[in-house]
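Colleague: Sharing a structure here in C-alpha cells format.
The values are calculated or read from the model by the stated rules, or taken from the named source; none is laboratory data. Everything numeric in this text was worked out from a predicted model, so none of it was measured. With ideal geometry, Cβ positions are generated from the backbone for all residues, glycine too; neighbour counts draw on all protein chains shown. Keep in mind that these areas ignore ligands, DNA and RNA; they rest on the heavy atoms of the full protein, side chains included. Shrake-Rupley method; radii C 1.70, N 1.55, O 1.52, S 1.80 Å.
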Amino acid sequence: MYLGVDEAGKGPALGPMVAAAVVADQASLPTDVDDSKRIAPDRREEMAAAFRSDPDVAVGVARVEPDEIDRPDTDMNTLTVRGQARAVRRALAALPAETDGPIRVVADAGDTSEARFARRLREFVADGGDEAEPRADGALPAVDVTAAHGADEDDPVVGAASVVAKVVRDAAMTDLDAARPEYDLGSGYPSDPTTRAFLAAYVGDHGTLPDCARASWSTCEDALAAAEQSALDEF
C-alpha cells in the first residue's frame, strides 16, 4: 500500500480547488482507474463512493477556497502544494494507529520541477501548520515523497486520488449552481462561454463578483472592467 495525491480545479475562475489523497494497494483498485478526465462522470462517482466505503482504503480531501486563492501573499504552485499536503495529512490520519512510516507518497507534480514539488510537499506534510491532523496516538507517520508529471495517468493510486478530487470538485460546482437558480454557472473554466456569460450577468445585476469567483483571475477582472465601462458609457 502507498499514498497517491492529486488535485482538481486548479484553472477554473469559479469554485474551489480540491486536493485528494488515497492510500491503497494498487492491485485492489479497478482496472479502469485513470486520470479522472478520461473517465465518464457516472463511473467516477461509482469509483469515489467505492473508495470511501472500502475499509482497506484511506481517503483524505482538502478544499482550497477562492478567498485563499485570491490572497496576494501566495501563488498557485504554493496553493497546490498546500492543498495536497492537507489531503495527505488527512489520509494519513485515517490510517490505523499502528501504521508505521515512512509511507510512500506519489504526487502528481504541480510544478515544472518534479523534484522541487516533491521536496516542498514533503516539507508541508511534515510541518502541518494549522492543518495538523494527528491520529489518535498523536502523531502521523513519516513520508517518502516522489512527484511526477502525468502521475494521474501512469499510477493507479494517483489516478484514484484524481477521481476523488474531481468528484468533490464537481459536487461543489453543482452546489454553487443550485444556490443561484437564476443563473447557469457553466463549468467554471475561463474558456467556457457559459461561465463568462454568468460572470457578466452577475456583475451586471449586483455590481460585484459572486463569492464563488476567484477575483484575481483575469476572467473575473475583465467582467468587472466591462461592467464599469458599460456604466460609464451609459453615464
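Colleague: Within region 191-219, work out how many residues are assigned to a helix (DSSP H, G or I) and crowded, with 21+ Cβ neighbours inside 10 Å.
Modeller: Number of matching residues: 5.
Colleague: Moving to a separate point now. Kindly indicate whether ARG104 is at pLDDT 95 or above, outside any helix (DSSP H, G or I) and either open to solvent by less than 40 Å² (accessible area, probe 1.4 Å) or within 24 Å of GLU46 (Cβ to Cβ) (or both). Give the derivation first.
Modeller: On the way: at pLDDT 95 or above: yes; outside any helix (DSSP H, G or I): yes; either open to solvent by less than 40 Å² (accessible area, probe 1.4 Å) or within 24 Å of GLU46 (Cβ to Cβ) (or both): no.
Taking the combined requirement at face value, the residue does not satisfy it.
Colleague: So ARG119 clears everything in (1) within 28 Å of PRO30 (Cβ to Cβ); (2) without any contact (Cβ under 8 Å) to a residue 60 or more places away in the chain; (3) more than 13 Å from the chain's Cα centre (by Cα); (4) surrounded by fewer than 24 Cβ atoms within 10 Å (Cβ to Cβ) except one condition, right? Which one?
Modeller: Condition (1) is where ARG119 drops out.
Colleague: Among the polar types (S, T, N, Q), under 29 Å from ALA85 (Cβ atoms) and either in the same structural domain as PRO12 (by the TED database) or in a loop (DSSP other than H, G, I, E, B) (or both) - does that describe any residue in region 162-173?
Modeller: Yes, some residue in region 162-173 is among the polar types (S, T, N, Q), under 29 Å from ALA85 (Cβ atoms) and either in the same structural domain as PRO12 (by the TED database) or in a loop (DSSP other than H, G, I, E, B) (or both).
Colleague: Only one residue in THR174, THR146 is at pLDDT 95 or above, open to solvent by 10 Å² or more (accessible area, probe 1.4 Å) and more than 30 Å from GLY186 (Cβ to Cβ). Which one? Full working, then the answer.
Modeller: On the way: THR174 fails: more than 30 Å from GLY186 (Cβ to Cβ).
None of the others qualify; the one that does is THR146.
Colleague: Condition check: acidic (Asp, Glu) and more than 16 Å from the chain's Cα centre (by Cα). Does GLU68 satisfy that? Outline the logic, then answer.
Modeller: On the way: acidic (Asp, Glu): yes; more than 16 Å from the chain's Cα centre (by Cα): no.
For GLU68, the condition - acidic (Asp, Glu) and more than 16 Å from the chain's Cα centre (by Cα) - is not met.
Colleague: Further question: Residue by residue through region 195-208, note down the ones that are of a type in the set (S, T, N, Q) and closer than 13 Å to ARG180 by Cβ.
Modeller: Scanning region 195-208 gives a single hit, THR195.
Colleague: Can you tell me which residue is farthest from GLY9 (Cα to Cα) among those in region 28-58 that are surrounded by fewer than 16 Cβ atoms within 10 Å (Cβ to Cβ) and among the acidic types (Asp, Glu)?
Modeller: Looking at residues that are surrounded by fewer than 16 Cβ atoms within 10 Å (Cβ to Cβ) and among the acidic types (Asp, Glu), I get ASP56.
Colleague: Yes or no: ALA93 out of contact with any strand residue (DSSP E or B) (no Cβ under 9 Å at 6 or more places or on another chain), small (Gly, Ala, Ser) and either open to solvent by less than 30 Å² (accessible area, probe 1.4 Å) or closer than 30 Å to LEU176 by Cα (or both)?
Modeller: No.
Colleague: So, one more: Tell me the residue from GLY188, GLY159 that is touching a Ser or Thr at 6+ places or on another chain (Cβ under 8 Å), open to solvent by less than 20 Å² (accessible area, probe 1.4 Å), part of a loop (DSSP other than H, G, I, E, B) and under 30 Å from PHE51 (Cβ atoms), please. Explain how you work it out, then say what you get.
Modeller: Numbers: GLY159 fails: part of a loop (DSSP other than H, G, I, E, B).
Being touching a Ser or Thr at 6+ places or on another chain (Cβ under 8 Å), open to solvent by less than 20 Å² (accessible area, probe 1.4 Å), part of a loop (DSSP other than H, G, I, E, B) and under 30 Å from PHE51 (Cβ atoms) holds for just one of GLY188, GLY159, which is GLY188.
Colleague: Looking at (1) in contact (Cβ under 8 Å) with a residue 60 or more places away in the chain; (2) charged (D, E, K, R); (3) part of a loop (DSSP other than H, G, I, E, B), which is the one condition that is false for ARG86?
Modeller: All conditions pass for ARG86, except number (3).
Colleague: Given the structure, is PRO12 in contact (Cβ under 8 Å) with a residue 12 or more places away in the chain and surrounded by 24 or more Cβ atoms within 10 Å (Cβ to Cβ)? Step through it out loud before you land on a result.
Modeller: On the way: in contact (Cβ under 8 Å) with a residue 12 or more places away in the chain: yes; surrounded by 24 or more Cβ atoms within 10 Å (Cβ to Cβ): yes.
Taking the combined requirement at face value, the residue satisfies it.
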